[in-house]
Amino acid sequence: MGVNKDSLTCSLPAAVVSPHHDFFPAAAGAAKSATIKYLLGVRDALVAKKGNAEGEQLFKRFLGIGVSIGFAIDTTGSMSEEINGVQGAVKGIVESRIGTSDEPSSYTLAQIHDPSSTLSLVTTNSSAFLSAISGLGAGGGGDCPELAGLGTYMAASAMPTGGDLYVFTDATAKDPDKMGEAKSFAMSKKIAVHHALSGSCSPYDPKYFELSEATGGQVFIINKNEAGALTEALLATALSPSRVDIARVSDQADGAKSYEFIVDSTSDKLFVTISVTSGAVSSVSVIRPDGREVKAGETGVSISALSRSFFYNIALPQQGIWKVSLEGSGEFNVNAAANSPLSFEYFDFVEYDDSAHPGYFRIDGYPLAGSKSAVKAVLHGEATDVRFELRAKSGETIRAFTLDSFGEYPEMKAFLTDRFYYAQR
């Protein structure tokens with residue numbers, strides 16, 4: 001019958017669950033302060049023993065802070081050009097991040113092959129990862145389809161929570177059913193899976209596109225000689241520890257199309273990626289809130305263009321409504337991300353459970369169409385005037401709505417920097 005450690009109030013009578021639940025804010029605040037003091041002591045001990053740079057890096061790894069990257073690379077005989085490109089780009093990018101705040105916290109490498117795929121390495125050691133990447137070579141494979149599903153599954157299941165997984169192959173999947181298991185792992189662990197497809201002896205497996213879309217990744221159709229440039233462009237975005245997604249569109253065009261997204265005042269870098277997966281796009285432009293087009297050569301602007309994809313890195317973006325315009329035909333996707341202290345921990349459909357620890361818990365699967373659902377969201381960082389929108393894959397707003405905030409308890413602000421929202425819908 002002590003202090004309620006789970007919430008500020010009780011769904012059952014206080015005398016039954018916790019007679020002292022009103023002491024929750026003070027108890028939680030003391031617990032947070034004690035935890036911070038302990039962790040700072042661990043950091044100081046590591047810095048004293050290893051020096052500032054190495055000590056800070058070890059402390060971040062201890063907490064799981066930082067980005068993780070994984071690769072599942074087809075190493076069959078037809079992939080030599082792609083492997084050479086990936087090796088050079090990875091070496092340059094990773095070496096430039098060692099000892100900095102952008103150094104990855106973990107590395108995973110799997111090889112897609114036939115008759116088997118293998119998990120080669122899971123490590124926090126950048127030298128070991130670079131050595132493993134450098135040791136890759138192309139050979140064997142026999143028939144066209146390869147065990148891409150198994151290789152992707154191995155990498156996704158071995159990676160820590162969060163991060164990006166890059167799958168390189170020039171073949172369709174011999175084991176598409178295994179992609180379903182890879183999808184489950186990646187979604188539960190919040191791993192974005194990106195596919196780089198460079199030619200195929202049969203149509204690209206639809207499971208590639210399904211897996212990337214479900215996990216927040218992208219599919220890139222590339223020429224064999226573009227693997228290195230693609231890897232460099234992707235890692236430049238992925239290795240930003242404070243990167244958050246702000247817009248995602250999957251659509252098709254037959255003429256001109258444009259899409260808008262908002263960049264807030266907290267963002268210090270903007271990344272826009274356009275990938276054309278079928279058909280052709282004749283022109284692409286990114287427009288600032290003041291109406292000016294972003295162009296190569298401008299201060300703080302980097303633009304990379306491959307045969308079917310475009311990458312924009314923009315420092316100190318203007319606050320306001322940005323626009324991506326393109327003209328052409330076929331299918332494509334547009335992703336916009338930014339460096340920002342604001343991010344979603346999660347946005348989940350939930351249901352109420354009144355068992356031993358009453359509260360809202362994430363549902364299995366998806367809510368039923370046409371029915372009311374409860375939603376719970378956690379937003380990291382300080383934010384005001386928070387509004388939520390449900391959007392279609394094409395970027396159109398389905399519905400805007402607000403959620404009630406835990407801010408109804410002013411004492412919570414004394415020790416919580418995250419914002420919790422909930423609503424019955």
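Given the criterion at pLDDT below 95, in contact with a strand residue (DSSP E or B) (Cβ under 7 Å, 6 or more places away or on another chain) and under 21 Å from Asn223 (Cα atoms), identify the matching residue among Pro104, Pro145. Spell out how you get there, then give the answer.
Numbers: Pro104 fails: under 21 Å from Asn223 (Cα atoms).
Just a single option satisfies the conditions, and that option is Pro145.
Would you check which residues across region 243-272 are among the small types (Gly, Ala, Ser) and closer than 15 Å to Ala336 by Cβ and list them? Outline the logic, then answer.
Here is the first cut: in region 243-272, the ones among the small types (Gly, Ala, Ser) are 247, 250, 253, 255-256, 258, 265, 267.
Within region 243-272, Ala247, Ser250, Ser258, Ser267 meet the criteria.
Go through the residues of region 208-217 one by one and say whether even a single one is closer than 18 Å to Ser117 by Cβ and assigned to a loop (DSSP other than H, G, I, E, B). Lay out the reasoning, then the answer.
As a first pass, look at region 208-217 and keep what is closer than 18 Å to Ser117 by Cβ: 208, 211.
Checking which are assigned to a loop (DSSP other than H, G, I, E, B) leaves us with none.
Among the residues of region 208-217, not one is closer than 18 Å to Ser117 by Cβ and assigned to a loop (DSSP other than H, G, I, E, B), which makes the answer no.
Would you confirm whether any residue within region 226-247 is touching a Lys or Arg at 6+ places or on another chain (Cβ under 7 Å), crowded, with 16+ Cβ neighbours inside 10 Å, in contact (Cβ under 8 Å) with a residue 12 or more places away in the chain and over 30 Å from Ser106 (Cα atoms)?
No.
Can you tell me which residue in region 121-156 is nearest to His195 (Cα to Cα), limited to those that are of a type in the set (Ser, Thr, Tyr) and surrounded by 23 or more Cβ atoms within 10 Å (Cβ to Cβ)?
Step one: list which residues in region 121-156 are of a type in the set (Ser, Thr, Tyr), which gives 123-124, 126-127, 131, 134, 152-153.
Now restrict to residues that are surrounded by 23 or more Cβ atoms within 10 Å (Cβ to Cβ): 152-153.
Details: Thr152: 10, Tyr153: 13 Å.
Selected residue: Thr152.
Considering each of Ile98, Ile112, Ile93, Ile133 in turn, give the residue that is of a type in the set (Val, Ile, Thr) and in contact with a Gly (Cβ under 6 Å, 6 or more places away or on another chain).
Details: Ile98 fails: in contact with a Gly (Cβ under 6 Å, 6 or more places away or on another chain); Ile93 fails: in contact with a Gly (Cβ under 6 Å, 6 or more places away or on another chain); Ile133 fails: in contact with a Gly (Cβ under 6 Å, 6 or more places away or on another chain).
Being of a type in the set (Val, Ile, Thr) and in contact with a Gly (Cβ under 6 Å, 6 or more places away or on another chain) holds for just one of Ile98, Ile112, Ile93, Ile133, which is Ile112.
Condition first: closer than 14 Å to Glu232 by Cα and of a type outside the set (S, T, N, Q). Can you find one or more residues in region 51-69 that meet it?
yes
Taking region 183-197 as the region of interest, how many residues are in a helix (DSSP H, G or I) and either surrounded by 19 or more Cβ atoms within 10 Å (Cβ to Cβ) or free of Cβ contacts under 8 Å to residues at least 24 places away in the same chain (or both)? Can you show your working first?
Going through region 183-197, the residues in a helix (DSSP H, G or I) turn out to be 183-188.
Next cut, either surrounded by 19 or more Cβ atoms within 10 Å (Cβ to Cβ) or free of Cβ contacts under 8 Å to residues at least 24 places away in the same chain (or both) only: 183-186, 188.
The total comes to 5.
Is region 28-37 home to any residue that is surrounded by 14 or more Cβ atoms within 10 Å (Cβ to Cβ), outside the structural domain of Phe129 (by TED's automatic domain parsing), at pLDDT below 90 and assigned to a loop (DSSP other than H, G, I, E, B)?
The initial filter retains those residues of region 28-37 that are surrounded by 14 or more Cβ atoms within 10 Å (Cβ to Cβ), namely 28-29, 32.
Narrowing the set further to residues that are outside the structural domain of Phe129 (by TED's automatic domain parsing) leaves 28-29, 32.
Within this subset, residues satisfying the condition of being at pLDDT below 90 are 28-29, 32.
Still in the running and assigned to a loop (DSSP other than H, G, I, E, B): none.
Taking every residue of region 28-37 in turn, none turns out to be surrounded by 14 or more Cβ atoms within 10 Å (Cβ to Cβ), outside the structural domain of Phe129 (by TED's automatic domain parsing), at pLDDT below 90 and assigned to a loop (DSSP other than H, G, I, E, B).
Tally time: how many residues in region 249-258 are under 21 Å from the mean Cα position of the chain (by Cα) and within 20 Å of Lys295 (Cβ to Cβ)? Full working, then the answer.
Applying the first criterion (under 21 Å from the mean Cα position of the chain (by Cα)) to region 249-258 yields 249-251.
Right, trim to within 20 Å of Lys295 (Cβ to Cβ) and you get none.
Result for region 249-258: 0.
Restricting region 99-120 to residues that are among the charged types (D, E, K, R) and under 24 Å from the mean Cα position of the chain (by Cα), which is surrounded by the most Cβ atoms within 10 Å (Cβ to Cβ)? Give the steps one after another, and end with the answer.
Taking region 99-120 first, the residues among the charged types (D, E, K, R) are 102-103, 114.
Now narrow it down to the ones that are under 24 Å from the mean Cα position of the chain (by Cα): 102-103.
Numbers: Asp102: 18, Glu103: 20.
Across region 99-120, the extreme among qualifying residues is Glu103.
Given the criterion of a type in the set (Gly, Ala, Ser), assigned by TED's automatic domain parsing to the domain that holds Phe168 and free of Cβ contacts under 8 Å to residues at least 24 places away in the same chain, identify the matching residue among Ser126, Ser120, Ser105, Ser101. Please lay out each step first, then the result.
Details: Ser126 fails: free of Cβ contacts under 8 Å to residues at least 24 places away in the same chain; Ser105 fails: free of Cβ contacts under 8 Å to residues at least 24 places away in the same chain; Ser101 fails: free of Cβ contacts under 8 Å to residues at least 24 places away in the same chain.
From the options Ser126, Ser120, Ser105, Ser101, the qualifying one is Ser120.
What are the pairs with Cβ atoms under 7 angstrom where one residue, in region 360-378, is under 16 Å from Leu390 (Cα atoms) and the other, located anywhere, is of a type in the set (S, T, N, Q)? Sequence gap at least six, or different chains.
What qualifies is Pro367/Ser373; Ala374/Gln424.
Would you say Thr76 is loosely packed, with under 14 Cβ neighbours inside 10 Å and at pLDDT 75 or above?
Working: loosely packed, with under 14 Cβ neighbours inside 10 Å: no; at pLDDT 75 or above: yes.
It is false that Thr76 is loosely packed, with under 14 Cβ neighbours inside 10 Å and at pLDDT 75 or above.
Can you confirm whether Ala256 is of a type outside the set (Phe, Trp, Tyr), farther than 27 Å from Asp114 by Cβ and touching a helix residue (DSSP H, G or I) at 6+ places or on another chain (Cβ under 9 Å)? Break it down stepwise before answering.
Details: of a type outside the set (Phe, Trp, Tyr): yes; farther than 27 Å from Asp114 by Cβ: yes; touching a helix residue (DSSP H, G or I) at 6+ places or on another chain (Cβ under 9 Å): no.
Against the criterion (of a type outside the set (Phe, Trp, Tyr), farther than 27 Å from Asp114 by Cβ and touching a helix residue (DSSP H, G or I) at 6+ places or on another chain (Cβ under 9 Å)), Ala256 does not qualify.
Exactly one condition in (1) at pLDDT 85 or above; (2) of a type in the set (A, V, I, L, M, F, W, C); (3) surrounded by fewer than 14 Cβ atoms within 10 Å (Cβ to Cβ) is false for Leu63; which is it?
(1)
The values are calculated or read from the model by the stated rules, or taken from the named source; none is laboratory data. Everything quoted here is computed from the prediction, not taken from an experiment. Here the Cβ is made from the backbone with ideal geometry for all residues, glycine too, and neighbour counts use every protein chain on show.
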